[in-house]
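A.B. asks: Below is a structure I'd like to ask you about.
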Amino acid sequence: MNHRERVLIALNHQEPDRVPIDLGGCCVTSITVLTYRAFRRQLGLPEIDVQVAEIVQGLAWVDNDVLEAIGADVIPVYPNAPSGYHAVIEDCGDGATCFKDEFGATLKKPKDGFYYDWCEFPLKEPTLESLEKIPWPDPEDPARFAGLREKALKLRNETDYALFGTAPCGHDLFNQFFRVRGMVDAMTDFLLNEELVEAFLDRLTKTIIRSQELFLTEVGDLLDVHFAADDLSGQTGPLISPRLYRRLVKPRWAQIISAIKSKTKAKICYHSCGAIDEFIPDLIEIGVDAINPVQVAAPGMDSAELKKKYGNKLSFWGGGCDTQRVLPFGSAAGVREEVRRRIRDFAPGGGFIFNPVHNIQPGVPAENVAALFRAAKEFGDYPIRL
């Protein structure tokens with residue numbers, strides 16, 4: 001059974017030969033650059049110039065030799081950078097660096113820090129007039145799609161990996177309002193200024209749909225899985241009331257997913273961190289096929305309960321090991337036991353792609369990362385006998 005077949009069989013809720021494995025295919029549950037370098041050394045692979053796949057979180061591009069070493073089954077298809085925007089990294093004092101995103105927000109990484117955080121927001125006044133003046137990404141910038149089909153065809157024809165697509169400007173509807181307005185003001189606006197919220201969400205929905213249409217016109221027939229994302233919850237519960245979500249956010253995501261499905265047969269993998277159990281029926285209703293990263297340590301996110309409640313309707317792309325406590329602070333033996341437990345809970349009957357819960361962070365011992373993927377192969381053979 002090849003990589004692509006394995007992933008598709010699992011996503012169709014059947015049992016392949018073994019549980020499929022992902023690292024870096026789903027673009028937001030990967031590995032940070034420092035840990036990636038150490039992991040390569042742990043695997044006995046040569047030193048290389050590591051490419052940065054995602055600047056905000058400091059994620060590494062996962063190279064083919066690592067994919068082969070861990071038995072991964074998925075590879076990403078990314079669009080290109082736009083011609084009308086370039087992230088210019090600048091010194092902003094005290095050893096920190098900053099850059100502006102396509103919406104004009106400023107992100108800052110402190111000296112010796114690992115991540116960029118949004119710190120200055122372009123929508124300073126809660127008015128429709130101010131909204132019209134902020135910068136806005138161009139989903140039709142042709143540079144985003146130049147050579148994209150040729151690249152995807154090469155991957156499709158020369159490898160048997162499952163192809164995981166991510167459109168430019170193609171996700172973060174609810175979350176993007178935080179990034180132009182600031183979290184506190186954005187939350188206040190959701191309660192007190194729905195006119196502004198709806199105007200922003202409507203404009204961004206059109207941008208996302210257009211981005212998806214153009215990306216999927218190029219590669220929709222070549223993809224096996226396609227990405228959507230919008231964090232709905234935090235560590236302990238929803239960021240927004242389900243009532244507001246269902247009135248303001250869900251209908252627009254339904255439009256986006258409908259547009260995606262009109263352009264591709266690829267499965268839709270939706271990323272939301274946190275305790276999202278309360279939203280999962282909504283996600284299923286609007287057409288989501290798999291959820292990621294499956295934050296199993298959050299309330300309501302127990303792996304056995306999730307499988308029991310939703311396993312016949314939804315696949316789980318993640319949840320393979322807790323990355324907040326077990327992976328960084330546990331022993332290699334503890335990581336092995338955690339992986340065994342999650343495979344036991346999620347894998348029977350298919351519907352499970354092994355991926356740790358979100359990114360493998362700086363400081364995680366390389367031997368624990370190695371133990372993670374060894375255990376995925378050790379316990380992942382079907383039929384599951386744990």
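What follows draws every value from the coordinates through simple rules; no lab data is involved. Everything quoted here is computed from the prediction, not taken from an experiment. Counting neighbours? That spans all protein chains shown, and the Cβs are built from the backbone with ideal geometry, glycine included.
A.B. asks: Write down the Å³ per residue value for the convex hull defined by the alpha carbon atoms of the chain.
C.D. replies: 134
A.B. asks: Right, another one. Just how large is the dipole of the chain about the Cα centre, in debye to the nearest 20, putting +1 at every Lys and Arg Cβ and -1 at every Asp and Glu Cβ?
C.D. replies: Charge dipole of the chain: 960 debye, to the nearest 20.
A.B. asks: Residue by residue through the range 97-106, what is 3J(HN,Hα) from phi via Karplus (6.51 cos²θ - 1.76 cosθ + 1.60, θ = phi - 60°)? Round to whole Hz and write x for glycine and proline.
C.D. replies: Once rounded to whole Hz, the list reads 10, 9, 7, 9, 8, 5, 8, x, 7, 9.
A.B. asks: Additional query: When ranked by the protection proxy of mean other Cβ atoms within 10 Å per residue, highest first, what sequence do the peptides 322-328, 28-34 form?
C.D. replies: In decreasing order of mean packing, 322-328, 28-34 become 28-34, 322-328.
A.B. asks: Quick check on packing: order 171-184, 88-101 by the mean number of other C-beta atoms within 10 Å, highest mean leading.
C.D. replies: 171-184, 88-101
A.B. asks: Can I ask one more? Tell me which cysteines of the chain come out unpaired when the rule is another cysteine's Cβ under 4.7 Å.
C.D. replies: Cys26, Cys27, Cys119, Cys169, Cys269, Cys273, Cys321
A.B. asks: Choose one of Ala38, Gly147, Ile134: the residue whose Cα lies farthest towards the positive end of the charge dipole of the range 3-379 (beta-carbon charges +1 Lys, Arg; -1 Asp, Glu; about the Cα centre).
C.D. replies: Working it through, the farthest residue towards the positive pole turns out to be Ala38.
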